[in-house]
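Trainee: Encoded as structure tokens, here's the structure I'll be asking about.
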Amino acid sequence: MEKFFTPRSIVVFGASATKMNLGQIVLLNNKQVGYEGNLYGVGSQEGDVGGVHIYTRVADLPETPDVAIFLTPARVVPGLMRECGEKGITHIVIESGGFSEYSHGDHTLEDDVLAVANQYHMKVIGPNCVGTVNFDWKMMMPFAFFNDLPVGGRLALIAQSGGVGGSYMRGMGGYGIKPGKFAATGNKLQLDEVDFLDYFIKDPQMDVIALYLEGFKRGRAFFDLARACDKPIIIQKSNRSEVSAKIAQSHTTALSNDDSLVDGALIQAAAIRVDDELELINAIRVVRMPPMKGSRVAVLSRSGGHAVLSADACAKYGFEMVPFPPAFIEKLKTIYNTRVIAHQNPLDLGEIFDYIIFTDILEEALKLDTYDGVLFNHLYSSDFEGEMSRSFLAGVETLVAKYQKPVCLTMISDREEILKVQQSQPFPVFTSPLEGATALYVSRTYYEQKTARDNRGKLEDYALDLETVKRIRQRCLGQQRIPLTDEALTIAAAAGLQPVRDMLLKNEIAPGKIPLHYPLAVKLISRDASHKSDVGGVCVNIRNKKQLSETLTGMKDKMRNLKQPPVIDGYLIQEMAPAGIECFVGGRRDPAFGPVIVVGLGGIFVEIFKDRSIRLAPVTQNEAAAMLRELKAYPLLAGARGKGPADCQALMDVVCRVSALLDACPDITEIDLNPVIVHPEGQGVSIVDARVFFAEASKG
């Protein structure tokens, strides 16, 4: 991987010696920025471009370049790669488009590229990308001109789109951010975001990693790397809707991942997710400060109006604006003579014009254990206070380092002044109270998620009856059907989740003595009806034997009268569970991320409210607890409106056991326990219904 970032020599295929084209731009760009390695071109005509010689054959190159860049029609790439292989070139960057993003399922060209790459042990970036950039090395693979490359940057960038990556690199300079290295993945035929993430994690020169992705090729591998990473990872993941998925498919062949699944995985890995470029830039800036370790904010403001705006912004993110302690107020009286403005949080500093006093007050606020961070609104005139404000900014940076707390400084002045400050000062400044408060929120959330990740606890070693699951699967495969309800409940029991007491009746067996306690529920068992209630296959609150017989007879008649009567495999009679909060626990196997666990409000509310929390399986008890707290319905579980708490511990156990089962049984593609009735604290849960799908059985 190192050769892609520190190549001693580069050859560009498709460079023209007679007219400006993309290949020529790559060569001229590297000459212009000061790349010190050897440059070569291969094109249809021999010649020179800016002192770089263009050859017509790979074999004529005077040396074996470290990297070959292709800007040729897609159809000729495999053949030229073969010539590179014969020359000994092993690192390939295919910037050309015209591969799978336009092939509509015909991947012949990509198959040929991979075949050549495998034959010659090549590493390939792309197709449809702009390659890599190493700012310190002054090496630029993109086909766009860059000037005044910054050096010494410690930010690594990975972008699936070269256009978005280019806007990142250009835009960050306006905020005082120096990128160090950049990689565009394009179609990810071979190397993808996982390979570059692994490289940047191990690179001691990179401190922060930022990504723009449209889809995950190897989601689980990405997650495993991110979860083990101590460097902040910031991600803008687009392709969140059906409309954008269609665009992305034609752009970089990205497949749309379930967006709520991506959210859950990134929370679990403590990776920061943002929605746009400015949020990404602000996140990069704030994670370089000490973290916000709590929710208590001190607001200092040179403007009363901006103090009010700050209070609203802090309320939006649930920050606590704790009153200043009396000792702090007394200290202020020794720093300056107060006249008009009340000493409260937010503290209005509008009557002060001495910048030394600003610094002293800020330091006194940072000294207090009462606060976890500070939001400072600095309203000033650039004509009269510009230089003093820059000195004040340097003092803020010193205090942040000294007290290890974040200070989000809102610089409020004319636009030209703020642009100059953002470009020239390494310490981050923001342009509104809301922007500053949002940055503090990002810092706090990252700290909380990283702490939770690092203290996730150990996975329980559950005793799973995998032989029972295997027998049911083989039976279903033999009969080409999905598991029946009683079999699905047996699979739940194999994970240690005992369903309510029940018995199975076959069609021809009339109920005799029932070894169950009334009231009862009757459920249709049918390989054709996984949603039993949709066809009238569920009846509850049956009070006696006579009502039970009538129910069974009526249900049989109802099934026979349907336009497409289902196969009746029997009837499941269950004891009615006591009342409680109906929840849903389930999971599935995602093609990119593997086993996934879901918990939420259950029963009929699953599809209506879509209140759910998602993580990658398996999960620990601590992770399961975090999932419950994430639910909008959590107040119901915790005890609301005078009611006692529900048995959250028992529900967490269900989540952990289902996640362990999914992880241990790759053949289970989906499992739903709905509802899981959660009883009052200490009284457990009731498992009353389940659905399970196996990979092969579901195809039958």
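Bear in mind that the values in this text are calculations on the coordinates, not laboratory data. None of these values were measured; they are calculated from a predicted model. Counting neighbours? That spans all protein chains shown, and the Cβs are built from the backbone with ideal geometry, glycine included.
Trainee: In a shell of Cβ-Cβ distance under 13 Å around Asn38, excluding Asn38 itself, what net charge do Lys and Arg (+1) and Asp and Glu (-1) give?
Mentor: Cβ neighbours under 13 Å give a net charge of -1.
Trainee: What residue among Ala68, Met81, Val442 has its Cα farthest toward the positive end of the dipole of the chain, where the charges are +1 on Lys, Arg and -1 on Asp, Glu, each on the Cβ?
Mentor: Value: Val442.
Trainee: Give me the one-decimal Kirkwood hydrodynamic radius in Å for region 90-216, with the sum taken over alpha-carbon pairs.
Mentor: With all distinct Cα pairs of region 90-216 included, I get 15.2 Å.
Trainee: Apply the a/c threshold of 1.5 to the C-alpha gyration tensor of region 295-370 and tell me whether it is rounded, prolate or oblate.
Mentor: It comes out oblate by the Cα gyration axes.
Trainee: Report, by chain and number, residues whose modeled amide H sits under 5 Å from the one on Phe430, excluding near sequence neighbours (fewer than 5 apart, same chain).
Mentor: So Phe430 has HN proximity to Leu409, Thr410, Met411.
Trainee: Give, in whole angstrom and from largest to smallest, the semi-axes √(5λ) of the equivalent ellipsoid of region 1-80, with λ running over the eigenvalues of the Cα gyration tensor.
Mentor: 17, 16, 12
Trainee: While we're looking at this one, here's another question. Count charges around Pro65 for me, please; just the other residues with Cβ under 9 Å from its Cβ, Lys/Arg as +1, Asp/Glu as -1.
Mentor: 0
Trainee: Need one number for region 501-575: average projected area of the convex hull over its C-alpha atoms, nm².
Mentor: 4.5
Trainee: Next question, about the same structure. Given the Cα atoms of region 597-666, and with Rh set as the inverse mean 1/r over their pairs in the Kirkwood sense, what is Rg to Rh to two decimals?
Mentor: On the Cα set of region 597-666, Rg over Rh gives 0.99.
Trainee: Now, a different point. Ordered by packing density, taken as the mean number of other Cβ atoms within 10 Å over each peptide's residues, highest first, how do 212-218, 118-124 rank?
Mentor: Going by the mean number of other Cβ atoms within 10 Å, highest first, we get 212-218, 118-124.
Trainee: Another question, then. With only Lys, Arg, Asp and Glu charged, each at its Cβ (+1 for the first two, -1 for the last two), find how big the charge dipole of the chain is about the Cα centre; round to the nearest 20 debye.
Mentor: I would put it at about 1780 debye.
Trainee: If you take the charge dipole of the chain about its Cα centre, with +1 on Lys and Arg Cβ and -1 on Asp and Glu Cβ, which of Val598, Phe13, Gly37 is farthest toward its positive end?
Mentor: Val598
Trainee: HN-Hα J couplings of region 626-643 from phi, Karplus 6.51/-1.76/1.60, θ = phi - 60°, integer Hz, Gly and Pro as x?
Mentor: With the stated coefficients, region 626-643 comes to 5, 4, 5, 5, 6, 6, 5, 7, 4, x, 5, 6, 6, x, 10, 6, x, 7 Hz.
Trainee: What's log10 of I(q)/I(0) for the chain at q = 0.07, 0.09 Å⁻¹, Debye sum over Cα points only, no solvent?
Mentor: -0.65, -0.94
Trainee: Just to confirm my numbers, what's the Cα centroid distance between region 33-60 and region 463-512 in Å?
Mentor: 69
Trainee: In the structure displayed, which of Lys316/Lys367; Lys217/Lys405; Lys87/Lys178; Lys402/Lys632; Lys202/Lys405; Lys19/Lys217 lie more than 30 Å apart, Cα to Cα?
Mentor: Correct reply: Lys217/Lys405; Lys87/Lys178; Lys402/Lys632; Lys19/Lys217.
Trainee: With bins 5 Å wide starting at 0, give me the P(r) of region 1-148 over every alpha carbon pair, in whole percents.
Mentor: 2, 10, 21, 24, 22, 13, 6, 2, 0
Trainee: Can you list the HN-Hα couplings for region 431-438, worked out from phi with the Karplus curve (6.51, -1.76, 1.60; θ = phi - 60°), rounded to whole Hz and with x for Gly and Pro?
Mentor: Going residue by residue, I get 10, 7, x, 5, 5, x, 5, 4 Hz, with x marking Gly and Pro.
Trainee: Right, here's the next one. Can you list the HN-Hα couplings for region 81-93, worked out from phi with the Karplus curve (6.51, -1.76, 1.60; θ = phi - 60°), rounded to whole Hz and with x for Gly and Pro?
Mentor: So the Karplus estimates, Gly and Pro as x, are 4, 5, 5, 4, x, 5, 7, x, 7, 10, 10, 10, 10 Hz.
Trainee: What percent does the relative contact order of the chain come to when contacts are Cα pairs within less than 8 Å and at least six residues apart?
Mentor: 9 percent.
Trainee: For Gly153, what is the net charge nearby, where nearby means another residue's Cβ is under 15 Å from its Cβ and Lys, Arg count +1, Asp, Glu -1?
Mentor: +4
Trainee: In deg cm²/dmol and to the nearest 500, what is the mean residue ellipticity at 222 nm of the chain if only DSSP H runs of at least 4 residues count, each as -39500 (n - 2.57), divided by the residue total?
Mentor: So the helix-based figure for the chain works out to -12000 deg cm²/dmol.
Trainee: Which of the listed residues, Val400, Thr431, Pro483, is farthest toward the dipole's positive end in region 357-483, when Lys, Arg count +1 and Asp, Glu count -1 at the beta-carbon?
Mentor: Pro483
Trainee: Using alpha carbon coordinates only, what is the Rg to Rh ratio of region 511-620, with Rh defined as the Kirkwood radius?
Mentor: Rounded to two decimals, Rg over Rh is 1.06.
Trainee: Further, regarding this structure: Consider all pairwise Cα distances in region 421-506 and report the whole-number % of them above 17 Å.
Mentor: Of all Cα-Cα pairs in region 421-506, 71 percent lie more than 17 Å apart.
Trainee: What is the distance in Å between the Cα centres of region 216-238 and region 126-176?
Mentor: First find each Cα centre; the distance between them is then 20 Å.
Trainee: Another question about this same structure. Over 29 Å, how big is the tail of the calculated P(r) for region 297-454, in percent of all Cα pairs?
Mentor: Percent of Cα pairs beyond 29 Å in region 297-454: 13.
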